[in-house]
Amino acid sequence: NMNHIKLLFFSTIRDRAGTKSLELDIPIDMTIQGLKDKLASDIPTLKDSMKSVLVTINREYAFDEAIVPADAEIGMFPPVSGG
């Protein structure tokens, strides 16, 4: 069984992905870290971004260990630069 999710990309990550959103089917027990690894291999231009990306699940910040919930909306933002 698969989990259908929507990915939203913002700012420089959107530029690198070449799109503002994607829909994906992922394993139901996949974590945020697993999702980042998948994107890094599926979309090589995102590989560097995935090392420092900020991720939200349904608009709340999520840790790498979090399991991606069913029908989630995942946001991916570049890290906030200081200064």
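So here's what we get for this one:
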{"read-out": "Residues in region 14-51 reached by a label modelled at residue 60 [backbone nitrogen below 16 Å; 7 Å Cα→Cβ]", "value": "32"}
{"read-out": "Top of 41, 21, 49 by mean-square fluctuation, Gaussian network on the chain, Cα under 10 Å", "value": "41"}
{"read-out": "Around residue 51: net Lys/Arg minus Asp/Glu count, Cβ-Cβ under 13 Å", "value": "0"}
{"read-out": "Accessible surface ranking that places the most exposed of 26, 67 first, with a 1.4 angstrom probe", "value": "67, 26"}
{"read-out": "Estimated distance in nm for a label pair at residue 80 and residue 1, the labels positioned 7 Å out from Cα along Cα-to-Cβ", "value": "3.7 nm"}
{"read-out": "Accessible area of the chain belonging to carbon and sulfur atoms, whole % at 1.4 Å probe", "value": "52 percent"}
{"read-out": "Unit charges at the beta carbon, dipole of the chain: most positive-side option, 49, 74, 12", "value": "12"}
{"read-out": "Solvent-accessible heavy-atom area per residue, rounded to whole Å², over region 38-82 at 1.4 Å", "value": "64 Å²"}
{"read-out": "Coil-residue GluC sites (Glu not before Pro) of the chain, DSSP, other Cβ within 10 Å capped at 11", "value": "65"}
{"read-out": "Solvent exposure, largest accessible area first (probe 1.4 Å, DNA, RNA and ligands not counted), of 22, 39", "value": "22, 39"}
{"read-out": "Tilt relative to the chain, helix 32-42 - C-alpha long axis, 0 to 90 degrees, to 10", "value": "70 degrees"}
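The values are calculated or read from the model by the stated rules, or taken from the named source; none is laboratory data. All of these numbers come straight from a predicted model, not from anything done at the bench. Please note: Cβ atoms are built from the backbone with ideal geometry, for glycine as well, and neighbour counts cover all protein chains shown. Ligands, DNA and RNA are stripped out before the accessible areas are found, and what is left, the full protein with its side chains, is counted by its heavy atoms. Shrake-Rupley method; radii C 1.70, N 1.55, O 1.52, S 1.80 Å.
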